[in-house]
Amino acid sequence: MGITDTPEEWQVTATATPFVGNKTSVRTDEVVMPDGSTATRDYQVHPGSVAVVALDEQGRVLVLKQYRHPVRQKLWEIPAGLLDVPGENPLHAAQRELFEEAHVKADDWRVLTDIYTTPGGCDEAIRIFLARGLSAAEGERFEVSEEEADMEFARVPLDELVRGALAGELHNNCLVVGSLALAAALASGEQGLAALRPADAPWPARPFEG
């Protein structure tokens, strides 16, 4: 018997937005609980994100190292970025991020997995893609700035990423989830990759236009 998450929305009797930032905001809702009481819930409102596990023909994943100020660490990550435009097709956003961050394009795209990063305190949804058939992108390289100005790049065997995640050496959620999801799919052989959803599969958490 399979299990699946189900949509549900409890009654909100009042809502406020005490903070509005450049990309995200904080919302305070008064939510009616099952026993009839009301509880206050504060959470970050987020536009959503995409991430890319870019796998080359040697079984290596393209990763980059970037400073993340909230955790005061430089983290190894996979290419990722925000859904900047409401209703934006996530595949187009993922292709853009792979180009801008790594100057790479891919011929084959699949949905690897969809996640909520921290559903107890943020509504961020991330779609993680698997990209294969990698090659250098044409055109001028995207001009980077701020934290991206000193990014390091590497191609690392998938097994090494899985080992690092399980050893507590790698912490970025998209890298960890993406690596483990890909390893699980590969464990089923080529049939496992063929069973992955198409790149334009519906995404109820962030509905998009074609």
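Between a first residue in the range 158-175 that is assigned by TED's automatic domain parsing to the domain that holds Lys65 and a second residue that is of a type in the set (D, E, K, R), which pairs have beta carbons less than 6 Å apart while being 6 or more apart in sequence or on different chains?
Asn172/Glu77; Leu175/Glu77
Does any residue in the range 19-30 that is surrounded by 12 or more Cβ atoms within 10 Å (Cβ to Cβ) come within less than 8 Å, Cβ to Cβ, of a residue that is not in a strand (DSSP E or B) six or more places away or on a different chain, and which pairs are these?
That search, which allows pairs on different chains as well, returns Thr24/His46; Thr24/Pro47.
Find all pairs meeting these conditions: Cβ atoms under 6 angstrom apart; at least six residues apart or on different chains; first residue within the range 70-83 and without any contact (Cβ under 8 Å) to a residue 60 or more places away in the chain; second residue assigned to a helix (DSSP H, G or I).
Within 6 Å, the pairs are Pro79/Glu97; Pro79/Leu98; Pro79/Glu101; Pro79/Ala102; Gly81/Glu97.
Working carefully through the options Pro86, Pro47, Pro119, find the one that is in a loop (DSSP other than H, G, I, E, B) and either touching a strand residue (DSSP E or B) at 6+ places or on another chain (Cβ under 8 Å) or of a type in the set (Gly, Ala, Ser) (or both).
Step by step, each of Pro86, Pro47, Pro119 is checked, and only Pro47 is in a loop (DSSP other than H, G, I, E, B) and either touching a strand residue (DSSP E or B) at 6+ places or on another chain (Cβ under 8 Å) or of a type in the set (Gly, Ala, Ser) (or both).
The values are calculated or read from the model by the stated rules, or taken from the named source; none is laboratory data. What you see is a predicted model; the values in this text were computed from it and never measured. Note that each Cβ is placed from the backbone with ideal geometry, even for glycine, and that neighbours are counted across all protein chains shown.
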